[in-house]
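A.B. asks: Please see the structure below; I have some questions.
The values are calculated or read from the model by the stated rules, or taken from the named source; none is laboratory data. Since the model is a prediction, treat every value here as computed from it, not as a measurement. Methodologically, a virtual Cβ is constructed for each residue, glycine included, from the backbone with ideal geometry; neighbour enumeration extends over all protein chains shown. Side chains are part of the model used for accessible areas, which takes the heavy atoms of the whole protein and leaves out ligands, DNA and RNA. Shrake-Rupley method; radii C 1.70, N 1.55, O 1.52, S 1.80 Å.
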Amino acid sequence: MTTRSRRSLGDRVFAGSARGAGILILAILAGVTLFLIVEAWPAFTAPAEEIPGGEGIVAYIAPLLFGTLLVSVIALLVATPLGVAIALFITHYAPRRLAQGLGYLVDLLAAIPSIVYGFWGLTWLAPALVPFYVWLEEYLGFIPLFAGPASATGRTMLTIGLVLAIMILPIISAIAREVFRQVPTLHQEAALALGATRWEMIRMSVLPYGRSGVTGAAMLGLGRALGETMAVAIILSVSGGFTFNLISRENPGTIAANIALDFPESTGLAVNALIASGLVLFVITFAVNLLARWIVSRRAEFSGADS
């Protein structure tokens, strides 16, 4: 009886602590949201000429939002297939010892500070990509993405997109590995028994099973890319405006980098405008992560039902 009562008391304490932690997180999230709305409201209601740029809050945020989405999409398009390929190699092709070491190595990429990625991209990757950008302008310049003129420094949207792709690669690869490991062994063995090659087995059994998990992993990586600050601020040479030209020195900025660069010297409505842009980024990032969590949870529910 004493053991049961102690266990019951411990269960109640743990349940109460978990519930309290959940409520605390929701309260903090609500407080952050309220703070952003209150501080951003003056920028939304102020006359257009008083907002930095003199064209209103929408014209101020729109180029930054465009740049944020553009560079994040570039990172996602590069990192997702690479992360899935790495996850498939580790789970289905590599020997066990090599797979374990490679998995640790990929995961360690997440431990590198973003400012280190920024300096690496500025000092090594950007100059190394300049000849490639010249080649793109010369042979693929008819495509608006590579119209040029090619940047002489390499500090372009494509460069920062590649850096962000490396930064979000561990997230996508780690989740994809776990999803692929959960594929029922019987499904894989059945495909091989019917004469399928290893790649055909992966295409017919592994990839369909893990589609939702990979989608959720990609969206979690997108959430990371949307909010990246220091690497973008260090590498990107910002000129403002809207452009899909990925190799030119004419680059739109991003919301996070703009806040980091301008906030220390801003006063008055300029601060409210920066917070308003932060509110937009907060809403977008929250929506992306919420959708990703929903997709992953749906995959878990379907897996539980299948088992």
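A.B. asks: (1) farther than 26 Å from Thr229 by Cα; (2) open to solvent by less than 90 Å² (accessible area, probe 1.4 Å); (3) hydrophobic (A, V, I, L, M, F, W, C); (4) without any contact (Cβ under 8 Å) to a residue 24 or more places away in the chain: which one isn't true of Leu24, the others all being true?
C.D. replies: (2)
A.B. asks: Now, a different point. Could you pull out every one of the helices (runs of 4 or more DSSP H) wholly within segment 194-288 that has 3 or more residues that are in contact (Cβ under 8 Å) with a residue 40 or more places away in the chain and not hydrophobic (A, V, I, L, M, F, W, C)?
C.D. replies: Here the list reads 207-226.
A.B. asks: For segment 155-184, enumerate the residues that are closer than 15 Å to Val71 by Cβ and assigned to a loop (DSSP other than H, G, I, E, B).
C.D. replies: Residues satisfying the conditions are Arg155, Thr156.
A.B. asks: Moving on to the next point. Testing Gly195 on (1) in contact with a helix residue (DSSP H, G or I) (Cβ under 9 Å, 6 or more places away or on another chain); (2) on the phi > 0 side of the Ramachandran plot, one condition comes back false. Which one is that?
C.D. replies: (1)
A.B. asks: Do we find that Ser17 is in contact (Cβ under 8 Å) with a residue 40 or more places away in the chain and of a type in the set (Gly, Ala, Ser) in this structure?
C.D. replies: no
A.B. asks: While we're here: Whether any residue in segment 118-131 is over 22 Å from the mean Cα position of the chain (by Cα) and crowded, with 16+ Cβ neighbours inside 10 Å is what I want to check.
C.D. replies: There is at least one residue in segment 118-131 that is over 22 Å from the mean Cα position of the chain (by Cα) and crowded, with 16+ Cβ neighbours inside 10 Å.
A.B. asks: Go through segment 213-249 and give me each residue that's surrounded by fewer than 18 Cβ atoms within 10 Å (Cβ to Cβ), under 26 Å from Leu140 (Cβ atoms) and in contact with a Gly (Cβ under 7 Å, 6 or more places away or on another chain).
C.D. replies: Matches in segment 213-249: Gly240 only.
A.B. asks: Within segment 147-180, track down each residue that is open to solvent by 40 Å² or more (accessible area, probe 1.4 Å) and of a type outside the set (Ser, Thr, Tyr).
C.D. replies: Residues satisfying the conditions are Ala147, Pro149, Ala152, Arg155, Leu162, Ile166, Ile171, Ile175, Glu178.
A.B. asks: Just to be sure, is Ala287 open to solvent by less than 20 Å² (accessible area, probe 1.4 Å) and at pLDDT 80 or above?
C.D. replies: So Ala287 does not fit the description; no.
A.B. asks: Mind listing whichever residues of segment 132-146 are under 11 Å from Leu246 (Cβ atoms) and surrounded by 14 or more Cβ atoms within 10 Å (Cβ to Cβ)?
C.D. replies: Passing the criteria: Tyr133, Leu136, Glu137, Leu145, Phe146.
A.B. asks: Now a separate question. Answer yes or no: is there a residue in segment 48-56 that is touching a Gly at 6+ places or on another chain (Cβ under 8 Å) and more than 19 Å from Ile284 (Cβ to Cβ).
C.D. replies: So far as segment 48-56 goes, yes, one or more of its residues are touching a Gly at 6+ places or on another chain (Cβ under 8 Å) and more than 19 Å from Ile284 (Cβ to Cβ).
A.B. asks: Looking at segment 250-267 only, could you name the residues that are touching a Ser or Thr at 6+ places or on another chain (Cβ under 6 Å) and open to solvent by 30 Å² or more (accessible area, probe 1.4 Å)?
C.D. replies: Answer for segment 250-267, where residues must be touching a Ser or Thr at 6+ places or on another chain (Cβ under 6 Å) and open to solvent by 30 Å² or more (accessible area, probe 1.4 Å): Glu250, Ala260.
A.B. asks: Here is a list: Glu39, Glu55. Which entry is outside any helix (DSSP H, G or I) and surrounded by 12 or more Cβ atoms within 10 Å (Cβ to Cβ)?
C.D. replies: Answer to the check: Glu55.
A.B. asks: Something else now. Quick check: is even one residue across segment 70-77 of a type in the set (A, V, I, L, M, F, W, C) and more than 30 Å from Ala233 (Cβ to Cβ)?
C.D. replies: no
A.B. asks: While we're looking at this one, here's another question. Any residue in segment 119-139 that is closer than 16 Å to Leu164 by Cα sitting within a Cβ distance under 6 Å of a residue that is part of a helix (DSSP H, G or I) and of a type in the set (Ser, Thr, Tyr)? List the pairs, counting only those 6 or more apart or interchain.
C.D. replies: These pairs meet every condition: Ala126/Thr159; Leu129/Thr159.
A.B. asks: May I pose another question? Looking only at segment 75-89, decide whether some residue is of a type in the set (Phe, Trp, Tyr) and modelled with pLDDT under 90.
C.D. replies: Within segment 75-89, none of the residues are of a type in the set (Phe, Trp, Tyr) and modelled with pLDDT under 90.
A.B. asks: For residues that are open to solvent by 70 Å² or more (accessible area, probe 1.4 Å), under 21 Å from Gln188 (Cβ atoms) and assigned to a helix (DSSP H, G or I), tally how many sit in segment 66-116.
C.D. replies: Within segment 66-116, residues that are open to solvent by 70 Å² or more (accessible area, probe 1.4 Å), under 21 Å from Gln188 (Cβ atoms) and assigned to a helix (DSSP H, G or I) number 5.
A.B. asks: Somewhere in segment 296-307, is a residue at pLDDT 85 or above and open to solvent by 40 Å² or more (accessible area, probe 1.4 Å)?
C.D. replies: No - not one qualifying residue is present in segment 296-307.
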